[in-house]
Amino acid sequence: MTSLLFDKTGGGTLSQRILGHVDRYRITTPHVVERLFFSAEVGPDHHASIQQATEALGELVSAGKLLRLVEPQSSKKNSATSDSAATKISKPQGSFAESVYVHPEHKLTAGVDLARLWFCCLDTERRYFALHEEIEPLFAEEGIDPPYHNFFHAISQEEGGDVLFRLYLCRAEKKNARDQLKSILTKYAKQFHQWIDQGSYGVAVIVQTKQKKNEIEQLLQKSYGGKLPLDNQARFIVTVVPTEQSYPEAIKQYEKKVWK
């Protein structure tokens, strides 16, 4: 596979870089913007950098470049964005709704959007969500049909080089989950199985509870029908992301783990 080490940072002013990030992920939060654009500058004072991130996002909202899902109480009476946002956004509840900033043209699918954002930007390891037009040439160079547009991928810097991971948000029961994972390795990856054998293509199984993570890890390690376990056939990672409901507690744990 061609090297995936193309520019993953982008350039321009701070506002341009934040908007480029939101163009990619469709949503963001102050914690994400702080980690990507402020934490190295401010150092250990993460609360100060969170405030700076919030102010930068607020300026983009005022300029009409981003939407707030829920307006702060102090500005609700002066807000003109809530009504227009409501026509495009399916609102989740709680702290996530208060924290999220949304691309004006995006209709939020909170579980999916949050899972993708967290996996790439707020997990212990940083990853990079790859747009379809970025990965399409990788397949074209090998004469391989590109994946469907609704197959999401992320790039992870692993020992030995970048790895392209297919993102699979697993909400299925155990048997169905195994069938779906097997299908990813056979039906959908048949043309580029050499990448799987090389370890340059893998599957990131994204779950929303620790119990589900344990279940999937056991499933991946188990042999079925005399065949090798799935995790012997390909590179897998299994990671937990929050739901909208578990987001407040997940942010607390993130701060303890990452802000140390």
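Below is a table of values for the structure above.
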| read-out | value |
| --- | --- |
| So LEU131, is it closer than 17 Å to LYS213 by Cβ and either among the aliphatic types (A, V, I, L, M) or buried (at least 19 other Cβ atoms within 10 Å of the Cβ) (or both) | no |
| Residues located in the stretch 205-228, provided they are among the hydroxyl-bearing types (Ser, Thr, Tyr) and either surrounded by 11 or more Cβ atoms within 10 Å (Cβ to Cβ) or assigned to a helix (DSSP H, G or I) (or both) | THR209, TYR224 |
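For (1) in contact (Cβ under 8 Å) with a residue 40 or more places away in the chain; (2) under 21 Å from LEU114 (Cα atoms); (3) β-branched (Val, Ile, Thr); (4) in the same structural domain as HIS31 (by TED's automatic domain parsing), each residue gets a yes or a no:
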site: PRO147; (1), (2), (3), (4): yes, no, no, no
site: VAL163; (1), (2), (3), (4): yes, no, yes, no
site: ARG166; (1), (2), (3), (4): no, yes, no, no
site: SER183; (1), (2), (3), (4): no, no, no, no
site: ILE206; (1), (2), (3), (4): yes, yes, yes, no
site: GLU217; (1), (2), (3), (4): no, no, no, no
site: LEU220; (1), (2), (3), (4): no, no, no, no
site: ALA250; (1), (2), (3), (4): yes, yes, no, yes
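The values are calculated or read from the model by the stated rules, or taken from the named source; none is laboratory data. Being a predicted model, the structure only gives us computed values, none of them experimental. In this analysis, Cβ positions are derived from the backbone assuming ideal geometry, glycine residues included, and neighbour counts consider all displayed protein chains.
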